[in-house]
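The next block holds one structure in the form of structure tokens; read it before the comments.
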Amino acid sequence: PHQFPEKLIPKFTNQLSRGRAVTLHGTGENTRNFLYVEDVARAFDCILHKAAIGKIYNIGGSNEQSNLEVAKQLIKIMGLAEQESSLISFVPDRAFNDLRYTIDNTALAELGWVEQMPWEEGLKRTVEWYKSYSCRYENIEQALVAHPRIESAVSAI
């Protein structure tokens, strides 16, 4: 919850809520490590109270998923599984899109932090949050296109 709608899960949730297909870049096989927001907050709290000054602590969980798998799970959560094939649209990949981000959270785990929210439950809660509160972002249409661009306020001379 609370991510701007251009990010993968809020974007796909909002696209599906509007009856649109999700827009997967490339093959959708890019993977990301997802972590529920409350687990992130607990990680920051743990670092704040237990970390050694100057040491680096990466925050990451155990929920590495491909973007395609996330899309399919969101479609299922939203009760649209029978329409899955028509709700996935593959678009050209972004230039220099990373295939995978790896996160080593060993130092954080050594402080005693553990991920608490199961992936499936966190995803369901996140979908419910966006279904209820996406209106807070006013006009998000520009964020829901396949390749959002922020218009520059400065014109070329």
Odd one out for LEU8 among (1) surrounded by 18 or more Cβ atoms within 10 Å (Cβ to Cβ); (2) at pLDDT 95 or above; (3) of a type in the set (A, V, I, L, M); (4) within 15 Å of the chain's Cα centre (by Cα): (2)
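Tell me the residue from ILE75, ILE103, ILE88 that is farther than 30 Å from ALA41 by Cα and touching a residue at least 12 places away in the same chain (Cβ under 8 Å), please. Spell out the reasoning first.
Values: ILE75 fails: farther than 30 Å from ALA41 by Cα; ILE103 fails: farther than 30 Å from ALA41 by Cα.
Selected residue: ILE88, the only one of ILE75, ILE103, ILE88 that is farther than 30 Å from ALA41 by Cα and touching a residue at least 12 places away in the same chain (Cβ under 8 Å).
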All positions within the stretch 1-27 that are among the small types (Gly, Ala, Ser) and over 20 Å from GLN83 (Cα atoms): GLY26
Complete set of residues in the stretch 32-76 that are at pLDDT below 95 and of a type in the set (Ser, Thr, Tyr): SER62
Selection status of GLU115, modelled with pLDDT of 95 or more and either β-branched (Val, Ile, Thr) or surrounded by 16 or more Cβ atoms within 10 Å (Cβ to Cβ) (or both): yes
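So if I check each of GLY54, GLY79, GLY60, which one is more than 22 Å from VAL145 (Cβ to Cβ), surrounded by 11 or more Cβ atoms within 10 Å (Cβ to Cβ) and of a type outside the set (Asp, Glu)? Break it down stepwise before answering.
On the way: GLY54 fails: surrounded by 11 or more Cβ atoms within 10 Å (Cβ to Cβ); GLY79 fails: surrounded by 11 or more Cβ atoms within 10 Å (Cβ to Cβ).
Just one listed residue meets the conditions, GLY60.
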Unique residue being at pLDDT 95 or above and touching a helix residue (DSSP H, G or I) at 6+ places or on another chain (Cβ under 6 Å) when the list is LEU87, LEU144: LEU87
Cβ-Cβ under 8 Å pairs, at least 6 apart or on other chains, the stretch 27-54 side in contact (Cβ under 8 Å) with a residue 12 or more places away in the chain, far side in a loop (DSSP other than H, G, I, E, B) and hydroxyl-bearing (Ser, Thr, Tyr): THR31/TYR101; ARG32/TYR101; ASN33/SER62; ASN33/TYR101; ASN33/THR102; ALA43/TYR57; ILE47/TYR57; ALA51/TYR57
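The values are calculated or read from the model by the stated rules, or taken from the named source; none is laboratory data. Since the model is a prediction, treat every value here as computed from it, not as a measurement. Reconstructed Cβ throughout: ideal geometry from the backbone, glycine too, with neighbour counts over all protein chains shown.
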